[in-house]
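The values are calculated or read from the model by the stated rules, or taken from the named source; none is laboratory data. Note that the structure is a prediction, hence the values are computed from the model and not measured. Glycine also receives a Cβ, built like all others from the backbone with ideal geometry; neighbour counts cover every protein chain displayed.
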Amino acid sequence: MAHHTVKSGYTGLVERLNRFPQGAPPSETLFKILSILFSEKEAGLVARLPIKPFRAAQAARAWQMDETAARKVLETLAGRAILVDVDGWYTLPPPMAGFFEFSMMRLRRDVDQKVLGELFYQYMNVEEEFIRALFASGETQIGRVFVNEPALAAVKVPLEVLDYERASQVIRTAVCRGVGMCYCRHKMLHMQRACRAPMNICMTFNSSAISLTRNDYARAVDVAEGLDLLQQAYENNLVQFGENNQRGVNFICNCCGCCCEAMIAARKFGLLHPVHTTNYLPQVDEALCNGCAKCVAACPVEALSLVSANDAHHPNRKKAHVDESICLGCGVCVRTCAGQGLALRRRGERVITPVNSVHRVVMMAVERGDLQNLIFDNQVLSSHRALAAVLGVILKLPPLQQALASQQMKSRYLLRLLEILKLA
């Protein structure tokens with residue numbers, strides 16, 4: 001394959017990316033993407049960075065250079081939104097949700113975004129291996145759907161909705177909020193396939209927003225403007241797809257069914273559950289449904305269809321039907337129903353959301369067989385706080401997942417910890 005002849009400076013970077021649960025399968029297209037985003041020297045340096053957050057001194061040791069010089073390299077990479085930098089800590093985010101998207105979150109002249117958009121389209125929408133690995137492996141996924149709050153307001157019998165299930169609560173409680181260009185629609189714009197949904201509407205929060213707004217890849221907004229943007233998303237029937245954890249959510253994208261990777265993946269791999277759903281489902285009121293098909297047109301994952309109403313007096317009458325096996329529970333369909341023929345109800349089985357990003361990453365690593373990469377990353381072992389956080393999550397896992405974690409790590413230390421936990 002051609003990428004074997006051009007990848008020399010990027011091999012280590014690809015291997016580094018694939019030590020994380022959210023990796024990037026190698027291909028000729030991937031190496032072309034990386035060659036646009038990184039110089040060959042930068043790729044070699046980034047390949048030696050740890051998985052967990054690190055300081056400049058740790059990078060200097062890994063790179064065997066002066067700390068001042070290392071910090072200059074790190075700041076250059078953060079200035080291009082390749083690294084996330086907050087309070088002297090640096091992190092290499094995964095490709096998605098991460099530096100792939102960041103590269104298209106604003107208009108820029110230092111890279112050819114048309115070529116980059118075409119390469120992203122080839123890598124994700126044509127080759128599919130990356131998207132399949134990202135969204136269709138393991139039970140715990142990177143993202144989840146937030147319920148459409150106007151749809152909740154129309155419920156006759158109030159439903160219990162937890163704060164972390166509301167995008168509005170993420171906006172209100174974030175320590176920093178930013179808005180940038182939608183990566184998916186920007187990419188599709190270069191393919192002449194973009195829809196008319198708002199472009200500058202995808203939001204970042206907390207540590208990601210701090211870094212992206214400081215480096216001008218996102219625009220800082222206050223709570224009021226953040227809520228206005230959310231209302232704009234509701235009015236355009238966009239789905240709120242965000243980070244799959246309860247606390248410290250770093251992104252919420254406002255997704256359309258035609259352009260956005262998550263919604264496309266949900267249609268392609270729906271039965272594999274590539275996107276975590278809400279805890280709700282739409283229910284059809286057959287007496288009120290007039291078969292107008294507005295809900296069918298609005299559904300981003302084609303979970304609604306029209307079927308016969310089995311009305312002997314009106315043989316041509318249709319009604320909406322919900323395929324619950326692929327429904328996201330976003331509530332967009334409920335909002336579009338003028339006749340109140342749809343209403344949200346609670347799912348029979350509650351969808352579990354990881355507490356924080358550490359919890360989610362460990363769960364993903366356990367399910368994908370990558371946990372050893374988190375634990376035995378040298379820079380992770382040098383940070384007692386990071387190691388304690390990872391092990392703390394492991395010790396709270398259900399017994400079966402604890403056993404999987406122990407088997408993957410082959411660690412006497414962890415095995416002993418699990419045995420102590422059983423005795424406690």
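Worth pointing out:
- S207 meets all of the listed conditions (1) over 19 Å from E165 (Cβ atoms); (2) surrounded by fewer than 20 Cβ atoms within 10 Å (Cβ to Cβ); (3) in contact (Cβ under 8 Å) with a residue 40 or more places away in the chain but one, namely (2).
- Put simply, of L30, L17 the only residue that is within 22 Å of Q372 (Cα to Cα), surrounded by 15 or more Cβ atoms within 10 Å (Cβ to Cβ) and of a type outside the set (D, E) is L17.
- Filter pass, Q192 being among the polar types (S, T, N, Q), in a loop (DSSP other than H, G, I, E, B) and over 18 Å from the mean Cα position of the chain (by Cα): yes
- For the criterion of being within 23 Å of E149 (Cβ to Cβ), of a type outside the set (G, A, S), touching a strand residue (DSSP E or B) at 6+ places or on another chain (Cβ under 6 Å) and part of a strand (DSSP E or B), C253 passes.
- Selection from region 55-99 of residues that are buried (at least 19 other Cβ atoms within 10 Å of the Cβ) and β-branched (V, I, T): V73, I82, V84, T91
- Every pair of residues 6+ apart whose Cβ atoms lie under 6 Å, when the first sits in region 268-292 and is over 27 Å from A338 (Cβ atoms) and of a type in the set (S, T, Y) while the second is surrounded by fewer than 17 Cβ atoms within 10 Å (Cβ to Cβ) and modelled with pLDDT of 90 or more: none
- Test for E302: is it farther than 24 Å from V175 by Cβ, modelled with pLDDT of 90 or more and among the acidic types (D, E): yes
- Those strands (runs of 3 or more DSSP E) of region 64-168 in which at least 1 residues are more than 29 Å from A265 (Cβ to Cβ) and among the charged types (D, E, K, R), considering only elements entirely within it, cover 84-86.
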